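Undergrad: One structure follows; several queries about it will come next.
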Ligand code: SF4
């Protein structure tokens, strides 16, 4: 696809808050920031019950000893039950109901939409920590639509040239996600290969896209990738360590605890478990319950990855996307790819465990609940994506063989669009002496 009609995100427009029907309302159980402008507006509310609630609930961060800033001038003091005191019994916000959206803190008014910019162009993703947003993203049809054109052809200065390059590479990545003639793990491996090549020759984006498109169409890449092996114990070990990343920084909320509990049961975690027994349980859960389900619903993980790419401003990342022309901003597509790969490995690993726990009863609702609980636990930590990437690098899983170990399902034929042959087991060989690191 040329630069005149690239893929862009419009799915966030489908989101509607379901308010009182929501199973995990966002108005509580975490820190809700209040920006300075909203704090000031609420000081002008007429005397009454809502004004009295606001005065108690909006606490300047200086008073609670937290770090502040324009978007986090104050925060909402939750009730003992952990909910926002402005939430009425009918599940609606009293501030919004009585005075309108204009009085809401920015975070409340925007959430779960994640408004970003790519070199000045607005774009909106959805935070999957909201259950309804998770349903919109995961269960909807393909998320991206062809549309908005790209100004210029790369010859009107570095800003346009870089933006066009960004869009060409992103289009390639998103189209690659939709190529179901390749198993999803192979599509991700191809993206990893592409990232390395682009980082080596950044100006060659156009020709690289052409080269990779031709190789994909010709089927040459599949055979080479199929030769890369996975290793169930190493994959299990990394999933467990990724799952443990934010435990020391986070309040563990009941929905996340429930999800962890299902994951542990699904892989046979308990007294006497070893990495070997866990990997065996994980492999069985994958083959018997996870893979058949996702064979029937291939768009779910593709949509998850698409939203992740939009949120992280893949392929060049947030720093580049928010930069300007004044000075060149270095980026590494490989670095951005590794962040996405690490988050995907964690999400998929948890879903495998939950599928093993739910067995034949594994449904879309369990996928939504798992993804939402994980997003709420991990994705609101700004350091999470970097920590997950670092874990891959420090585990020496950032090379092509390491990535195959983590991403490969164990068989090439278990995804939609392929001829299904014998599914090889996820477990291939034992890694002696490895300890279970977290969970
Ligand atoms: S979590 Fe989402 S659906 Fe639920 S109340 Fe908040 S915005 Fe609405």
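The values are calculated or read from the model by the stated rules, or taken from the named source; none is laboratory data. Worth saying up front: this structure is predicted, and the values here are computed from it rather than measured. Neighbour counts are summed over all protein chains in view; Cβ atoms, including those assigned to glycine, are modelled from backbone coordinates with ideal geometry.
Undergrad: Looking at the structure I just gave you, is residue 214 assigned to a helix (DSSP H, G or I), over 18 Å from residue 351 (Cα atoms), more than 24 Å from the chain's Cα centre (by Cα) and free of Cβ contacts under 8 Å to residues at least 12 places away in the same chain?
TA: yes
Undergrad: To continue, here is another question. Among the helices (runs of 4 or more DSSP H) confined wholly to the range 247-318, which include 3 or more residues that are modelled with pLDDT under 95 and under 18 Å from residue 177 (Cβ atoms)?
TA: Of the helices (runs of 4 or more DSSP H) lying wholly inside the range 247-318, those with at least 3 residues that are modelled with pLDDT under 95 and under 18 Å from residue 177 (Cβ atoms) span 299-311.
Undergrad: Among the residues of the range 115-127, write down those that are more than 10 Å from the ligand (Cβ to nearest atom) and either assigned by TED's automatic domain parsing to the domain that holds residue 299 or surrounded by 20 or more Cβ atoms within 10 Å (Cβ to Cβ) (or both).
TA: 125, the sole residue that qualifies.
Undergrad: Still on this structure: Of the residues in the range 89-108, how many are within 13 Å of the ligand (Cβ to nearest atom) and modelled with pLDDT of 90 or more?
TA: Selection size over the range 89-108: 5.
Undergrad: Separate question: Quick check on my filter: what residues within the range 19-29 are more than 10 Å from the ligand (Cβ to nearest atom) and surrounded by fewer than 16 Cβ atoms within 10 Å (Cβ to Cβ)?
TA: Answer for the range 19-29, where residues must be more than 10 Å from the ligand (Cβ to nearest atom) and surrounded by fewer than 16 Cβ atoms within 10 Å (Cβ to Cβ): there is none.
Undergrad: Right, something else. Give me a count of the residues in the range 119-149 that are assigned to a loop (DSSP other than H, G, I, E, B) and at pLDDT 80 or above.
TA: 8
Undergrad: Of the numbered conditions (1) loosely packed, with under 13 Cβ neighbours inside 10 Å; (2) within 16 Å of the ligand (Cβ to nearest atom); (3) farther than 17 Å from residue 111 by Cα, residue 49 satisfies every one except a single condition; which is it?
TA: Among (1) loosely packed, with under 13 Cβ neighbours inside 10 Å; (2) within 16 Å of the ligand (Cβ to nearest atom); (3) farther than 17 Å from residue 111 by Cα, residue 49 violates only (2).
Undergrad: Determine if the range 281-300 includes at least one residue that is within 21 Å of residue 391 (Cα to Cα) and assigned by TED's automatic domain parsing to the domain that holds residue 197.
TA: Within the range 281-300, one or more residues are within 21 Å of residue 391 (Cα to Cα) and assigned by TED's automatic domain parsing to the domain that holds residue 197.
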